[in-house]
Every structure is written in structure tokens, then in C-alpha cells.
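We did not get these values from a lab; they are worked out from the coordinates using the rules stated. None of these values were measured; they are calculated from a predicted model. Counting neighbours? That spans all protein chains shown, and the Cβs are built from the backbone with ideal geometry, glycine included.
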Amino acid sequence: MAATDRPLANRILWGLLFGVVAGLATLALGQASPASLAFMRKVSTDVFDPLGQVFLRLLFFVVIPLVFASLAAGVAQLGRLDRLGPLAGRTFALFFLNMAVAVGLGLLMMNVLRPGDHLDAGAKTMLMQEFGGAAQKHVTTAAAQPSLSLSGIVEMFMPKNLFGAVVGHTNGTIGEVLPLIVFALLVGVVGTQLAEARRQQLLSALDLVSELMTGIVRLALKLAPYAVPLMIYGVVVKVGLDILVALGVFALGCLAVMLLHLFGTMSLWLRLWTGRSPLAFFRDIRGVLVTAFSTSSSNATLPAALECSQNTLGLKPSVAGFVLPLGTTMNMSGTALYEGCVVLFVAQVFGVDLSVGQQLTLLCLSVLSAVAVAGIPGGSLPLIAGLLVTFGIPPEGIGIVLGVDRVLDMARSTLNVGCDLAVAAVIDERERQADAGTAQS
């Protein structure tokens, strides 16, 4: 996040701490006076929860237009697809491979640790009641879904009535996101075939929609320092200490798998595909990683990454100038990893079991949606809400992880930037090998 966003992040973290402390104090008081605990639970349900919902509903408002505009613009801005050369092909292939591996590691970690299972059956039942029965409806819907088949996949991604599926059937639900993603990709692909002037008009319109939706997200985030303590207080007093244990395991698990992907997967790539020493590589880019961690922004770190790539790593300017700026918006491995982990964690909290096929679908959708995330603090929250709906999980569940989202933001940005530089190093080596082969022939 930019420097101007740090006070907001600090207020959100302080709000989270205040809500947790207040909730624990209420639980302690309830040991001596059960009537006071019952009263505060009622106050939380009748007063605090509706106020917290104002923040969540603002995020839900932008899910559909933001997903469409961001994905369509992301594809359309590539220009003529048939003119993308080997450099672009290698770049996009490694971007998506990087994000897919990251999400796969995250989902594996979540299946091993299962932080959502730290809540007992009574706590999960209370959470169901917390969301007014909507959670149980979503769970029932998910359980009733047919097993994945070819015809079922076609229906899932391409319903007969696109707008009916996207808009939703009632004012209490968010529309389906899967067909929206397909439609946005189609619009973007066709947009690349338009004449340049028309393509720029399309991009201008899509960018305007994205800017408007991002403005609403920023407006919602101004409420976050007040909504977060209200929501976390309500969850703590109703569920108890179990929710804090589950959140702690979730946050530590996310941090561990981010470190594993950055220093494990990327080290393997560097060793296999470049011959570079991973230890020397990470020593050379440590200043850039520190910048990313302190600013929580890939965009703010881009100048330092470009300077390091050319002057310290010795990458070709043409490679660094193409891969790194594109990576700040497309190579979002930390964001994709986090989205997959949040969806699986909230599913575990609400007792929604995702099959292997559904988790593979989640992997693909996390990669696609990460590309569409707005480059602002909290930009991934509307996309995560859309993914939750896709798998029959109550989208209000993002309120549970909202506080730790701020804590993990710095780690996600560091992973994003580190992977950008590692991918650039791999592509640079491939380009040099291709140039050498051409020169010999």
C-alpha cells in the first residue's frame, strides 16, 4: 500500500486489537455474569452486526462490475494476440505457472493444517446463526450441487441466460461469477481484434468502470477501522477463543507457505533454468524485498525493482522493461495464493467441504481473479467474495479474516515482487539462449 494508506492500515489493525480485547473482556465478564454476556450478544446481533454489514455490502456492490471490467481490460490491453512474440509467450506462461504453483501450495497447506477445524461443532453452529441462516442455505445449496461432469461444467461456466445468472435471483445473493469471467475473457479477446482506435475506446470505457468501482472500494475501506472491531467483537463473544486460534493458525500457515514459495519454488526455478545461485540472487534483491514489505505495494516498488534488475542482476533492459511492469499487474502469486487460502478457510469454518475437482476449479479461478485485483489495499476482497459465492460459501465470511488481511498484505506484496524478479531472471536466460542459437545458425 502507498504511504498515504499506512495510517488507514494502522487504524484497522488497532481496531482489530480493540475488538479482540473487548470481546475477551466480555467473555471474562460473562463467566461471573452470564446475563451480561447474553445481553452483549444480543446487542452485537441487533446493533453491531448491521453496522458491520454496511461495510461488507459496499464491497459486495462492486463484485460484478469490477470483475468484468478488470478482466476484460486486462486481456484487451495486450493488443493483437496474434502479434505477441516469444518473449510475451514465455512471460505469460511463467506468470500463470507461478501463480498456479503458489495457489496449489496454499491449498495443500490448508488441507493439511485445516485451521477452520479448530472450531468445534457448537461454534460452527453459532456462526451459522451469526449470518441469519444464510450460511445454512449456502451449505445446503453446495451439498445439492451435482458432481462435476462435462455437461455440468458447460452449464456452470456458460449458462443459457448469462445476465440472469450474473445478476442473481434475489436481492440477498451475489450473482454467479464463473460465467461472468468467461464473458469478460471473451470480450477482452474480441477487443484485441478491434481497430486500434476502437480498442482504445473500449479500454477507456472499461478503465472508467474499474476506476469508479475502485473508488467505492476506497470509500468502503474508510469504514473498515470502525467495522472491523464491531465484526470481530461479535464473532469473539459468540464463538469464543476458538475463532482466534483458528485465525492464528490460518495467518501463520499463509505466512509459512508464502515463504516456501518465494525461497523454495523460486530457488528451484533459478537453479534449474538459469544456473544462478539462489542465495546470491536473494542477497542481491534483498533491498527490493524490504521495499516491497515496507510499502506493501508492487507498483511503489517497481522503480527499485527495475534498477536492481539491470544494475545488480544484469538483466537485459528489454526483458526487465517488459516483464517487471507487466508483472506488477499480472504476476500476482501472493494475491492468488491468499485468495485460495481464504476461500478454503472460510469453507472449513462453515462446514462446506470442497471436493478435489472444486479445489482445482478454485485454483484456476484464483489465478484469473488475482489478475483482476485492483492495486489498492483491500482490492482483493470483492474478488474473494465472488469466489465464496461461486462455491456456495456465505460471502459474509470474509469479515472473519478482514483483520489478518491487513497483517498479511505486506507478505503478499513481498512475494509478488520477489517472484516478478525471479521470473524476469528466468526469461532473461531463455532470451540469451535464443539469441545465442540464432547467432550460431
Legend entry - For the stretch 310-317, Karplus couplings with θ = phi - 60° (6.51, -1.76, 1.60), whole Hz, Gly/Pro x: 8, 8, 9, 7, x, 6, 5, x
Inset, instruction - Specify the angular offset, from 0 to 90 degrees and rounded to the nearest 10, of the alpha carbon long axis of helix 196-239 from the longest principal axis of the alpha carbons in the chain. - result: 30 degrees
Legend entry - Label-point gap, in nm, between Glu211 and Asn10 - each point 7 angstrom along Cα→Cβ: 3.1 nm
Legend entry - Within straight-line cross-link reach of Lys42, lysines at Cα separation under 16 Å, skipping those fewer than 8 residues along the same chain: Lys238
Legend entry - Helical mean residue ellipticity (222 nm; -39500 (n - 2.57) per DSSP H run of 4+; nearest 500) of the chain: -26000 deg cm²/dmol
Inset, instruction - Straight distance only, please: which aspartates and glutamates reach the Cα of Lys222 with their own Cα at less than 19 Å, same-chain residues fewer than 8 apart left out? - result: Asp5, Asp49, Glu211, Glu396, Asp405, Asp409
Legend entry - Least to most buried among Ser44, Ser33, Ser298, Ser366 (fewest other Cβ within 10 Å first): Ser33, Ser44, Ser298, Ser366
